[in-house]
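In what follows, a single structure is set out as structure tokens and then discussed.
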Amino acid sequence: MLYSHTIPPSALSKIIQFFMGLFSMKRVLEKKIVNNTYSKKPASIPKSFHSNYNIDIEEFKSRKVWTISPKNNNSNTVILFLHGGAYYANITKMHWQLIDQLITNTKATFIVSDYPLAPESTCIDAYQFLDIVYAKLISNFPTKQLVFMGDSAGGGLALGFAQKIGNEEQKKPEQIILFSPWLDVSMANPEIAKFDKCDKILSINGLKIAGKNFAGELDVKDFRVSPIYGDFSNLGKISIFIGTNDVLIADARKFKLLLQNQNIDFNYFEYPGLFHDWVVVKKIRETIDVLDKIKDILTKTNYYD
């Protein structure tokens, strides 16, 4: 099933995008990738989480995994959340704010992982880490509704990991929710160039460097690093949220057509004028709209069917 979004961008989102362009954010972020100056440490979990939620912290391979759940009225849903950051940057304060809003809306339990990052680590390292995290998740929550969720690079990783466990006939997620997903690190789609000028955040060259380093010895078109080349037939229902001022929309639209042609169940929400990964920006109208849709997707059976 296909859903387009026709709400025009809010005034606040237009202002945010204007200042992104004014300060040449895409050049700054590309420089951080080239020089490997992104923070490799996860942002500290907000102090408010400790009073609002139950928090359990474990370490696997010296990397943290947080299990965060409401203190009351937990839903039957567990969400494996994978953060974005071009596979170079760790979880940020804005990611924690998004997770806070999502828990408030859905009452779900969130599993948040500090997965290995490039260029020190590769896709293989990230998958080996997620194998451990996932085995523990299944053991702890065998009867819960399982959801994979990720933004940007985390969206690509969520989809690729879902394909991997599907191939292995492990328990699969019932839903896969992707925000501005990075689906093809090769950046080979010729349609991408059409969106370069309107994208004030992502640098095509920077993404190519990051994607190649994350792929390591794998081909950049291996499904584990570029899940658009994988098998979508053995997955949960997929929901994609993307803005039209995002170079990644070219592959999101390609993905949409692939799913349509294969008669695979999915939701697709396209927001005119919205920039890359806007969902991590707190309180703008479009983020609130996404949060409402996710609540409906997770709590109302076949809501968008």
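The values are calculated or read from the model by the stated rules, or taken from the named source; none is laboratory data. None of the values given here were measured: they were computed from a predicted structure. When we count neighbours, we look across all protein chains shown, and the Cβ atoms used for this are built from the backbone with ideal geometry, even at glycine.
Here are some notes:
- Test for LYS172: is it modelled with pLDDT under 95 and touching a helix residue (DSSP H, G or I) at 6+ places or on another chain (Cβ under 6 Å): yes
- Helices (runs of 4 or more DSSP H) lying entirely in region 87-195 (those with 3 or more residues that are more than 19 Å from TRP66 (Cβ to Cβ)): 123-140, 153-167
- Qualifying residue in region 100-116 (condition: aromatic (Phe, Trp, Tyr), within 17 Å of the chain's Cα centre (by Cα) and more than 30 Å from ILE288 (Cβ to Cβ)): no
- Among the residues of region 238-254, those that are of a type outside the set (Gly, Ala, Ser) and more than 15 Å from the chain's Cα centre (by Cα) comprise THR244, ASN245, VAL247, ARG253, LYS254.
- Answer from ILE228, ILE209 - the residue that is part of a helix (DSSP H, G or I) and over 28 Å from PRO9 (Cβ atoms): ILE209
- Odd one out for SER121, checked against (1) without any contact (Cβ under 8 Å) to a residue 60 or more places away in the chain; (2) of a type outside the set (D, E, K, R); (3) out of contact with any Leu (no Cβ under 6 Å at 6 or more places or on another chain); (4) farther than 15 Å from ARG224 by Cβ: (4)
- Residue among PHE60, PHE81, PHE49 that alone is of a type in the set (Phe, Trp, Tyr) and at pLDDT below 95: PHE60
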